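The values are calculated or read from the model by the stated rules, or taken from the named source; none is laboratory data. What you see is a predicted model; the values in this text were computed from it and never measured. Neighbour counts are summed over all protein chains in view; Cβ atoms, including those assigned to glycine, are modelled from backbone coordinates with ideal geometry. Ligands, DNA and RNA are excluded from the accessible area calculation, which covers all protein heavy atoms including side chains. Shrake-Rupley method; radii C 1.70, N 1.55, O 1.52, S 1.80 Å.
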Amino acid sequence: MRTAAFFGCVLLADFLAVVFQGRFAPLPTLFGATVLVFPVILAYGALALPFAGTLALAFFNGLLWDALTVQFLKPAEEFSLDTPAVPEFAMGWSILLFGVLAVVVHGLRPLFLKGRWELHCISSGFCASAILLAEYLMITFKPHGLIFPRELWGRILVPGFFAMLLAVPVYWLFRGLATALGYTVRVYPTKARL
Amino acid sequence: MSRTSIIALSAFVVLVVLVLTMRTTAAQNLQRWVLQLVRPINKATTSTASQLDAFGKGLKTLDQLEREVRDLRVDNEQLRTANEMMNEKIAENNRLRDALGFKQRSNFSLIPARIIARSASTWWSTVQIDRGEADGLDSDMPVVTDQGLVGKTTTVAANTAYVLLITDENCKVSAYVEGSGDMPVEARVKGLISGERIAEASSPELSLNFLPKTAQIAEGQKVFSYGVAGGVFPRGLLLGAIKSVQPHELDLRATVAPAVDLARLENVFIVRDTREAEAPKATAVTPTPAAAAPTPTPGPTVRAAQPVTPTPAGRR
């Protein structure tokens, strides 16, 4: 029951992070990069929740993100209005991407449970930058081939840096919430020291 | 791996496959549903933010408010008069065009809308507006302000819609450069304008491509939409001003500063009925360095300096 309540809170935080993501204006002085909050929640969920919860969070996050960002466009743009609109990349790729990232981060859970909270910072930054890089590769590979201008790296790495900074207050916020809800993270059985 | 984990992983894989293999219409319906779901949240936060912003700017005195109302009434009367005169001119123009055997130009109706959210994505330039199918919106409708073209609608839900901004790489508009508008059709400097996904400048810019190598273009010249037959955008909408010109091997390319400050955009207008306004559809033409834009046909003339004339019917 406590796990379900905590999972519900993480899910709600993730929903709000995705919905309010657009409130963070791009930073013109930093290559037009944006502050991404939802990877911080995703990374925390992957570290704090059991495997099933991690996958459920990744699915929810990916579906919501795709639904709010993927654009359905007509291939010939201005010239042929009768052509049906198609998404720039199929809806659902983000679920797969977030799922893979969440599972990778979940692999660090035993260390996180031992009190290594800095893993949340590192994995948040990693998730934010990896998501942006993967999205860029998916949308540019087909029309242009792979081009990596300097500004691109700024747009990919700066959000990762901001996600790492954001991870600290988010970690303490969820820690307080977990305590309030009486949620204790189940520790994996560890081998006795030799 | 525990049994629960295996079941969870299997369920996840099945669900991912189901979503990935979803039909485009189903995916778009899902997007509409999510847009409709988040609309109240976005609208409420936008209105709260506006109220806080207004409060922050300070309360006005009764005298100030009275003066403002008086000024607005004068403006309103001026605009109504101008509108009436323009309607008469349009009617006269249509009669003359009819006499010459040309297709009549349309009167457009404008649907006002408010931006309730901006794109959450780094790679797409979109905004969400508070109008949808219930207000007569459809996909691929031009969106403007008094300053110029903003973009076009994409996914439209019941009470909300997405607008793809002109700064997005996918929003391509056939355009011509100021000064060449009065020239014969074949002599105009035409090109294809689009946004840039990775802009080098701190503010978003547009890229005007496929300009003829011999074109004489100077900095500051204005760029307008060309209004191709069967296209999305009517002719004469202001897009921006030339910032710089770069010669390439086969053509010229120009950087254009957008006319509309998209970062501060709050209210927009959706132009209705442009599709019916166009003459019979011409064959789609892909611009080439030699011939930048397809053959134009008589279409609606809508300029930012002389905004679209809203009419009650909004039809031909």
Taking every alpha carbon pair in the stretch B:11-58, what does the distance histogram look like in 5 angstrom bins from 0, in percent?
5, 18, 13, 14, 12, 10, 8, 8, 6, 5, 2, 0
Among the listed pairs B:K152/B:K243; A:K74/B:K152; B:K190/B:K243, those beyond 20 Å (Cα-Cα):
B:K152/B:K243
Percent relative contact order for chain A, counting Cα pairs under 8 Å at least six residues apart, stands at 29
Between B:L9 and B:Q64, what is the spin-label point distance in nm, taking each point 7 Å from the Cα along the Cα→C-beta axis?
6.5
Nitroxide proxy distance, nm - points 7 Å out along Cα→Cβ at B:E178 and B:H248:
2.5
222 nm mean residue ellipticity, helices alone, for chain A (DSSP H n ≥ 4; -39,500 (n - 2.57); rounded to 500):
-22000 deg cm²/dmol
If R₀ is 41 angstrom, what is the calculated FRET efficiency for the pair B:K89 and B:Q36, using the beta carbon separation as r and rounding to 0.05?
0.50
Just order B:136-144, A:103-111 by mean Cβ neighbour count inside 10 Å, highest at the front, would you?
B:136-144, A:103-111
Delta accessible area of at least 10 Å² on complex formation, residues of the stretch A:45-68, 1.4 Å probe, chain isolated as reference
A:F51, A:A52, A:L55, A:F59, A:L63, A:L64, A:W65, A:A67, A:L68
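Just to verify a number: FRET efficiency for A:M1 and B:A26, C-beta to C-beta distance, R0 = 35 Å, to 0.05?
0.50
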Ranked packing of B:1-10, A:18-27, most packed first, by mean Cβ within 10 Å
A:18-27, B:1-10
For B:E84 the rounded accessible area (nearest 10 Å², probe 1.4 Å, non-protein molecules ignored) is 110
Please list, in order, the residues from the stretch A:8-42 whose amide nitrogen is less than 13 Å from a point placed 7 Å along the Cα→Cβ vector of B:A263.
A:25-34
Whole-Hz Karplus couplings 3J(HN,Hα) for the stretch B:135-147, θ = phi - 60° and coefficients 6.51, -1.76, 1.60, Gly and Pro as x, run 9, x, 7, 9, 6, 6, 10, x, 10, 10, 10, 5, 8
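Tell me: how much accessible area in total is hidden between B and A, 1.4 Å probe, Å², nearest 100?
What B and A bury together is about 5000 Å².
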Using R₀ = 22 Å, calculate the FRET efficiency as 1/(1 + (r/R₀)^6) where r is the Cβ-Cβ separation of A:K114 and A:T179; round to 0.05.
0.75
Which ³J(HN,Hα) values, rounded to whole Hz and listed in residue order, are derived for the stretch A:50-59 from phi using the Karplus coefficients 6.51, -1.76 and 1.60 in 6.51 cos²θ - 1.76 cosθ + 1.60 with θ = phi - 60°, glycine and proline given as x?
x, 4, 4, x, 4, 5, 5, 5, 4, 5
Based on the mean of other Cβ atoms within 10 Å per residue, sort peptides A:33-42, B:29-38 so the most packed one is first.
A:33-42, B:29-38
